[in-house]
Amino acid sequence: PSCPSSTMGKKSRVKTQKSGSGASAVFSPKEMMYLISELLQKCSSAAPSAGKEWEEYIQIRGLVEKIRKKQKGMSIVFEGSREDYFLDLMSWAQENGASCDSFTVADFGAEGYGLRATKEIKAEELFLWIPRKMLMTVESAQNSVLGPLYSQDRILQAMGNVTLAFHLLCERANPASPWLPYIRSLPQEYDTPLYYQQDEVQLLLGTQAVQDILSQYKNTARQYAYFYKLTHPAASKLPLKDSFTFDDYRWAVSSVMTRQNQIPTEDGSRVTLALIPLWDMCNHTNGLITTGYNLEDDRCECVALQDYKENDQIYIFYGTRSNAEFVIHNGFFFQDNAHDRVKIKLGVSKSERLYAMKAEVLARAGIPASCIFALHCNEPPISAQLLAFLRVFCMTEEELKDYLLGDRAINKIFTLGNSEFPVSWENEIKLWTFLETRAALLLKTYKTTSEEDRSMLEKPDLTLHSRVAIQLRLAEKQILEKASASGRAKRLHFEKKLEEGAPLPRYEESDIALLENTDADAKLPIILRKLEEVEEGQEIQVEEHSHFLNGEKAVYGMEMEANGEPMQKETQEKVSKNVNSALDSIGSSTQNGQREAANLSASRTEDNPKENSE
């Protein structure tokens, strides 16, 4: 999606320098290789001790800046600006069998470029399709000049997003590439945190998002140094051997990060990562996923999210990403994000006397004894899964026994995530007090208050990136403030119930209310819900994984997650059949992805969309 960018439409400042002529005057290859080796070593070292991450980032950044200075003027940059190439993009799409008669590419100011309807389009009408031959995929990379290196390099094999980044760079350097009309239409710079100045990143110190931003930079620098040093015979045949700058890699990684999606392979047996020309020009708005993959016609298809009149901007929904994910992977902050959330890591302490009993009750409900949950921006701030966790977390020994051995204990497990059926008034008071206090404590870890952030946002001279950083910092605090206030209101409500001696609601086995929850976000018993939480923690991972660059943007009819690996949707259907494993499977699948991505050496693609920054 065209992220808003302050530099997006400007004329390129740097002209392409052919085959590095004159570059040797600036530095010797030996000197450059020394810096690259130092960078690789620095980025491959163990994670820094807590509190030292920022210091490490500054050191890595210092090395990268030295390298960039020596590479000045060596990056490939197309003449002119993006808009000069949009007509070519449209005619190329038309020649290749894409649909081009309902829209055109247009400039929407602060939102950047997007698609504008050229005629009336009805909600759910199929208005855009892109055949497979136009897509840049891991498969097309394997069949390209990159094939020999791909077959030998396990990082490319493990990380589809890195493969796509190199595929882009190789095709960009090939004057005969069939994808040039697409590549020339891409932004020359992005607004992902890889493009932030150091003082802009510094505004995020103390936030939840900063760790992923620092990891994204470190992983990108590590991958760059690793591939620069590669001495594979296969690598020397690539068109990049004369010029492969850090800025080239940062551009390619950001192109993939902001645009990548998952699609099925031709035989439909697996999913693979792809860049989807033209469709990826659509900007994001709240709604539902409206893009799918039609295997029969072998094309990506998108139906309209709503009715559009002529000249309206056509939007798509990128998926349920938090603002941290939008900023890190897509390069923008979305003001009215209905899915914004912050992470909260909770676990039952193993040294606690009642640990075994609590862990057992949680296991029966399919919830890990330690997990990353999420606090949501809307009411209720906690999902059914987190409610169930907190109820068990706050249970007394008697209550635990009742849920393990008591009358109808099995059925009671099903009501743990249902706000209609408290364990006891005391338990409810304890859990909401805990939430109120925990959110308030998390708020104290920020370096500025919400009021200070709001007044900073009023300054007219803020850079775009500084503004986004402060908006993100403020959004995290607002979610915590709401969660704390919500906890307090609920605590007061249940204290009143206890004082009045109100009878505890009991469910009847035949009562369908068991499956109903008045809270909008928690309609089903915990086990049947779409495990947002799990996702949450894991989500993080999942989407991360996502590496999806676009995140879920396209969730091809199969709601894939970022990672390149599909988040098993069937899992969600089986959930109702298998209470315990359902939560687990989602949890674990989503969970790991992320971290690995960060490791260059990891052999799976990561979830970490961030990390990897793709």
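Over all pairs of different C-alpha atoms in the stretch 185-281, the reciprocal of the mean inverse distance, the Kirkwood hydrodynamic radius, equals 15.9 Å. Annotation for the stretch 178-214 versus the stretch 456-483: alpha-carbon center distance of 17 Å. With K and R counted +1 and D and E -1, the other residues having a Cβ less than 12 Å from that of M395 yield a net charge of -3. Over all other residues within a Cβ to Cβ distance under 14 Å of Q59, the charged ones net out to +1, with Lys and Arg as +1 and Asp and Glu as -1. Quarter the surface of the alpha carbon convex hull of the stretch 443-508 and you get the mean projected area, 7.4 square nanometres. For the pairs K218/K350; K350/K496; K447/K490; K42/K229, note any where the Cα-Cα span goes beyond 22 Å. K218/K350; K350/K496; K447/K490, as the Cα separations exceed 22 Å there. Once C-alpha pairs closer than 8 Å and six or more residues apart are averaged by separation and normalised to the residue number of the stretch 407-514, the relative contact order reads 47 percent. To put it simply, the accessible area of the stretch 339-418 at a 1.4 Å probe is 57 percent carbon and sulfur. For the stretch 68-214, the solvent-accessible area works out to 38 Å² per residue, with a probe of 1.4 Å and every protein chain left in place.
Reported to the nearest whole Å, the Cα centre-to-centre distance from the stretch 124-161 to the stretch 320-369 is 33. Computed over protein heavy atoms with a 1.4 Å probe, the accessible surface of the stretch 425-487 works out to 47 Å² per residue. Of the solvent-accessible surface of the stretch 138-228, computed with a 1.4 Å probe and all protein chains present, 47% belongs to carbon and sulfur. Distances between every pair of Cα atoms in the stretch 284-355, grouped in 10 Å steps from 0 to the bin holding the largest one, split as 16, 30, 26, 14, 9, 5, 1 percent. Here the stretch 73-115 exposes an accessible surface that is 51 percent carbon and sulfur, computed with a 1.4 Å probe and the other protein chains kept in place. Averaged per residue, what accessible area in Å² does the stretch 216-362 show with a 1.4 Å probe, protein chains only? Per residue, the stretch 216-362 has 35 Å² of solvent-accessible surface. Rank P381, N330, L354 by how far each Cα sits towards the positive end of the charge dipole of the stretch 317-390 (+1 on Lys, Arg Cβ; -1 on Asp, Glu Cβ) and give me just the farthest. It is L354, whose Cα lies furthest towards the positive end. When +1 charges are put on Lys and Arg Cβ atoms and -1 charges on Asp and Glu Cβ atoms, the dipole computed for the stretch 158-269 relative to its Cα centre reaches about 360 debye.
For the pairs K444/K482; K430/K477; K343/K444; K30/K72; K345/K477, flag any whose C-alpha to C-alpha distance is greater than 19 Å. Where the Cα-Cα span goes over 19 Å, the pairs concerned are K430/K477.
Each peptide in 162-170, 439-447, 35-43 gets a packing score, the mean of other Cβ atoms within 10 Å over its residues, and the list from highest to lowest is 162-170, 35-43, 439-447.
Summarising the label geometry, the points placed 7 Å from Cα in the beta-carbon direction at E266 and A485 lie 5.7 nm from one another.
The values are calculated or read from the model by the stated rules, or taken from the named source; none is laboratory data. Every value quoted in this text rests on a predicted model; they were computed, and no experiment measured them. Cβ: placed from backbone, ideal geometry, glycine included. Neighbour counts: every protein chain shown. Calculation scope for accessible area: heavy atoms of the full protein, side chains included, ligands and nucleic acids excluded. Shrake-Rupley method; radii C 1.70, N 1.55, O 1.52, S 1.80 Å.
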